[in-house]
1. Of B:V146, B:Y99, B:I289, whose Cα points farthest to the positive end of the dipole of chain B (charges on the beta-carbon: +1 Lys, Arg; -1 Asp, Glu; origin at the Cα centre)?
2. Kindly provide the pair-distance distribution of the stretch A:2-247 built from C-alpha pairs, with 5 Å bins from 0 and whole-percent values in order of increasing distance.
3. Could you put B:V249, B:V288 in order, starting from the residue whose Cβ has the fewest other Cβ atoms within 10 Å?
4. Please give the contour-minus-distance gain from A:A71 to A:Y236: 0.36 nm per residue of separation, less the Cα-Cα distance, rounded to one decimal in nm.
5. Restrict the search to the stretch B:202-310; then list the trypsin sites (Lys or Arg not before Pro) that DSSP places in a loop and that have at most 13 other Cβ atoms within 10 Å of their Cβ.
6. Given +1 on the Cβ of Lys and Arg, -1 on the Cβ of Asp and Glu, and no further charges, what dipole in debye does chain A carry about its Cα centre, rounded to the nearest 20?
7. What is the dipole size for the stretch A:1-120, taken about its Cα centre, with +1 at each Lys and Arg Cβ and -1 at each Asp and Glu Cβ, in debye to the nearest 20?
8. Go ahead and estimate [θ] at 222 nm for the protein assembly as shown from helices alone: -39,500 (n - 2.57) per DSSP H run with n ≥ 4, summed, over the residue count, rounded to 500.
Amino acid sequence: MAEDRARFEYLLRLGDNSLILGHRLSEMLGNAPALEEEMALVNVALDLIGQARLFLGYAGELEGAGRDEDALAYRRDVLDYRCALIVELPNGDFAHAIGRLFLISAFDFELYGALRESADRRLAAIAEKSLKEVTYHLRHAGEWVIRLGDGTEESHRRMQKALEDLWMYTGELFTPDALDEAMREAGIAPDLARLREGWDRRVDAVLREATLTRPAEGWMQSGGKDGRMHTEHLGYILAEMQFLQRAYPDARAW
Amino acid sequence: MYTQGLDGKIGPVREAETAEEKEREARFQARIDAEERIEPNDWMPEGYRRTLIRQISQHAHSEIVGMLPEGNWVTRAPTLRRKAILLAKIQDEAGHGLYLYSACETLGVERAELVEQLLAGKAKYSSIFNYPTLTWADVGMIGWLVDGAAIMNQVPLQRCSYGPYARAMVRICKEESFHQRQGYEIVMTLAQGTPEQRRMAQESLDRWWWPALMMFGPPDSDSVHTAQSMKWKIKRVTNDELRQKFVDVTVPQAERLGLRIPDPQLRWNPERGHYDFGPVPWDEFWRVIAGEGPCNRERLEQRRRAHEEGRWVREAALAHAEKRRLRDRAA
Ligand SMILES: [Fe+2]
Ligand SMILES: [Fe+2]
């Protein structure tokens, strides 16, 4: 029972990351630099919302309190969200938006790859499906990082700046807390520290090709995945996303 | 829909003069009459080519601008399932736009040139996308009515005499019927929901009904190039015929939903075997076409802003591709 509760919490982290990142990418609609890119980003957003539905749907079943994917997405406030801080940040310019997608996709690529071996077979199956999608997201975003880094002077400057801005939000992804440890011990989730090697290798290779400098390791922000302290942005995301469900609480179907 | 035939002007076209030219035009018309498909490398009269460029580019622009009113609700979709469906639909529309721009390029114009015309405010797109989406019901209404009207318009275009356009329509129509169904489903859910949801659905229908009827373009009596387009089989059914068909199909659907169509003159006419309906407010239509609809400025502004803000990105992509090319050559 306690184990179900922990798994529920862990699945919220996965689901909330996909949901909030998908939300941010869907904001790019009508704002992308080219039509093809608009289509690509909408496609990524669609994948992420699909992942969120699977993770949250499963979370709701484990919790056993009658909450489905929508109850979890639309009826929790900031205090109960469990996404990493990095997904909450505003898109910023295209370098920032695509840089964020790159850094997270590189993490998800490692994570889902490892989760395929999870003792929780349902989670493993979701990871398997998501890995295919994330492989594409990683390649797409990585190619942009290279183009922008090794493009014009302006694009190089913007891409480097985006990396500097985002870097302090990457540490949270890899720093295990008690829940991560418990999941690892139960054979459900991998050792986060070990994901780091693959992530470093992959990110460094892209940065090198992009002629970008890896930002110095400094203080890392945290507080999203454990819900200790989210960014101010999350409240606005939820206010917008949850508007209809909040404004029409009597509605039973949409 | 998307092919309202909004602007009669395609520029001066030189008439066939010599016997040889007249003969060539007659042969072309004979092919059309024999239901042959015209392909990009075939000879075609300049007027035919320009009419198609105008129609297909307006159609493409409509798909692209049409992403905006629905995009307005993506971040606020009421359930994750609805959000996913809406994203998929909008992605389809972007695909339609790209596909149609390619069809247009087979006629010898560059997409960049067409997009420039749109952003400069010189090109037209369907008037319907200059109306705002104020409530979630509007997303359903767009699917049900706007995509419904699009299907009505595009099904005959599958038999258009110009091959690339006809083939584009076959592919697009399949997706439009999914769009129409999801829209109808949204409206049905609202219509069967709480009193507040029902009100939302009715209010939305009240706002969208007449603009939806305007999607088929001006009445045949005012439609400048219908006759020539029909002769060339670019167009197979007239604006008024399509509009009538749309009304006939949609009224029973509204009845099933328990929604009232905002037209006091609407009634079944057993003699005609069609619904009679009240006069379409054409002055509003012409105002919207002239750029004074509720959202004309905003729609174009948004497209322009994205285009401007994306300039450094596109430049970087080009610069990178050039560096690559030079490196590959050096290697
Ligand atoms: Fe479309
Ligand atoms: Fe559509």
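No lab work stands behind these numbers, since they all come straight from the coordinates. The shown structure was predicted, so the numbers you read here are calculated from the model rather than taken from an experiment. In this analysis, Cβ positions are derived from the backbone assuming ideal geometry, glycine residues included, and neighbour counts consider all displayed protein chains.
1. Of the listed residues, the answer is B:Y99.
2. Bins of 5 Å from zero give 1, 7, 14, 19, 21, 18, 12, 6, 3, 1, 0 percent of pairs.
3. Least to most surrounded, the residues fall as B:V249, B:V288.
4. 57.6 nm
5. Hits after loop and neighbour filter: B:R260, B:R272.
6. Here chain A has a charge dipole of around 220 debye.
7. So the magnitude is around 160 debye.
8. -21000 deg cm²/dmol
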